[in-house]
1. Quick one: how many residues across region 184-242 are of a type in the set (A, V, I, L, M), at pLDDT below 85 and in a helix (DSSP H, G or I)?
2. If I ask for residues that are among the β-branched types (Val, Ile, Thr) and touching a strand residue (DSSP E or B) at 6+ places or on another chain (Cβ under 8 Å), which ones from region 163-184 would you list?
3. So Ile160 fits all but one of (1) within 20 Å of Gly222 (Cα to Cα); (2) part of a helix (DSSP H, G or I); (3) among the hydrophobic types (A, V, I, L, M, F, W, C); what number is the exception?
4. Can we say Asp90 is of a type outside the set (Val, Ile, Thr), in contact with a Leu (Cβ under 9 Å, 6 or more places away or on another chain) and more than 29 Å from Glu192 (Cβ to Cβ)?
5. I'd like the full set of residues that are farther than 19 Å from Thr98 by Cα and in a loop (DSSP other than H, G, I, E, B), limited to region 27-63.
6. Being buried (at least 16 other Cβ atoms within 10 Å of the Cβ), within 18 Å of Thr243 (Cα to Cα), modelled with pLDDT under 95 and among the hydrophobic types (A, V, I, L, M, F, W, C) is true for just one of Leu156, Leu172, Leu149. Which residue is that?
7. Give me the residue from region 102-134 that is part of a helix (DSSP H, G or I) and small (Gly, Ala, Ser) and, out of that set, surrounded by the most Cβ atoms within 10 Å (Cβ to Cβ).
Amino acid sequence: MCSKTTRFDGKVIIVTGSSSGIGAAAAIMFAERGGSVAIHGRRQDKLDEVAAKIESVSGRKPVSVTGDITCEKDRETLVNETLKAFGRIDVLVNNAGTCEPSGWQTDIKLLQPVLDLHVIAPLDLSQRCMPELLKNKGNIVMISSIGGLMAPRGYLHYSIAKGGMQTMMRTLAAEVAKLGVRVNAVNPGYIETDILRDEELKKRIAANPNFTATFNPNGIAGKPDDVAEAICFLSSDAARMITGSTNTVDGGKTAFLQF
């Protein structure tokens, strides 16, 4: 049984990129703990699956919006549909993202779409939700990455964007702390989701099914629910003194120097 401070009864949560992986796990967990949820993603079929799970665990239908989070009109629709259905917004989880390989030779023109997804869209959504968050003393959780804290070789554009998200989180937190709104980041390491399953990783996983566990210093294969637990905690009243913080969920990866 969750304590009252870690439940979300009467609260409304928007989770972007919630058709699979970490976003889906977080949306379902919020619903299990009493929250009303708005979900968003590109694939209607996947969103329908998540919506069905949410209704199954909570008895409540989520708001479901299909679209591209980098499109301003789709962001506007997500916020408006949430307010239309639930009348308030208490938590925004900026989770939508992708992780494509890039390096110093990658065409610079390919950087802008990555920034649009990981920096511009989260900032715009944060601004759109802020009037409600100020009114309800709500909070924002940015789903960043250890790639925003370290230098993941072969993912230059991704690391630049996640580094920008880190700075955005801290600056927003500083600006709105006295107004009663909290802003934090969750930084996953290697978690078993589709986002990191590029061709090279697929080969490694096929060759070694325990690859994720061996990659993480604690020897545990990270799952979406592991990250969702951190998201839910930071979004809850139990975390009322936590803002402007970076919270790694990486099995100790950023704490170990490996030779």
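The values are calculated or read from the model by the stated rules, or taken from the named source; none is laboratory data. As the structure is a computational prediction, the values presented were derived from the model and not from experiment. Virtual Cβ from ideal backbone geometry, glycine too; neighbours counted across all protein chains shown.
1. Of region 184-242, the ones of a type in the set (A, V, I, L, M) are 185-186, 191, 195-196, 201, 205-207, 213, 220-221, 227-228, 230-231, 234, 238-239, 241-242.
After this cut, where a residue has to be at pLDDT below 85 as well, the list is 191, 195-196, 201, 205-207, 213, 220-221.
Remaining after also requiring in a helix (DSSP H, G or I): 195-196, 201, 205-207, 213.
Residues in region 184-242 being of a type in the set (A, V, I, L, M), at pLDDT below 85 and in a helix (DSSP H, G or I): 7 in total.
2. Val176, Val181, Val183
3. The one condition Ile160 does not meet is (1).
4. Details: of a type outside the set (Val, Ile, Thr): yes; in contact with a Leu (Cβ under 9 Å, 6 or more places away or on another chain): yes; more than 29 Å from Glu192 (Cβ to Cβ): yes.
It is true that Asp90 is of a type outside the set (Val, Ile, Thr), in contact with a Leu (Cβ under 9 Å, 6 or more places away or on another chain) and more than 29 Å from Glu192 (Cβ to Cβ).
5. Once the filter is applied, which keeps residues that are farther than 19 Å from Thr98 by Cα and in a loop (DSSP other than H, G, I, E, B), region 27-63 yields Arg33, Gly34, Gly35, Gly59, Arg60, Lys61, Pro62.
6. Working: Leu156 fails: within 18 Å of Thr243 (Cα to Cα); Leu172 fails: modelled with pLDDT under 95.
Being buried (at least 16 other Cβ atoms within 10 Å of the Cβ), within 18 Å of Thr243 (Cα to Cα), modelled with pLDDT under 95 and among the hydrophobic types (A, V, I, L, M, F, W, C) holds for just one of Leu156, Leu172, Leu149, which is Leu149.
7. Ala121
Yes/no matrix, rows are residues, columns are (1) of a type outside the set (Gly, Ala, Ser); (2) modelled with pLDDT of 95 or more:
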| site | (1), (2) |
| --- | --- |
| Gly23 | no, yes |
| Asp48 | yes, yes |
| Ile54 | yes, yes |
| Gly87 | no, yes |
| Leu92 | yes, yes |
| Thr98 | yes, no |
| Gly103 | no, no |
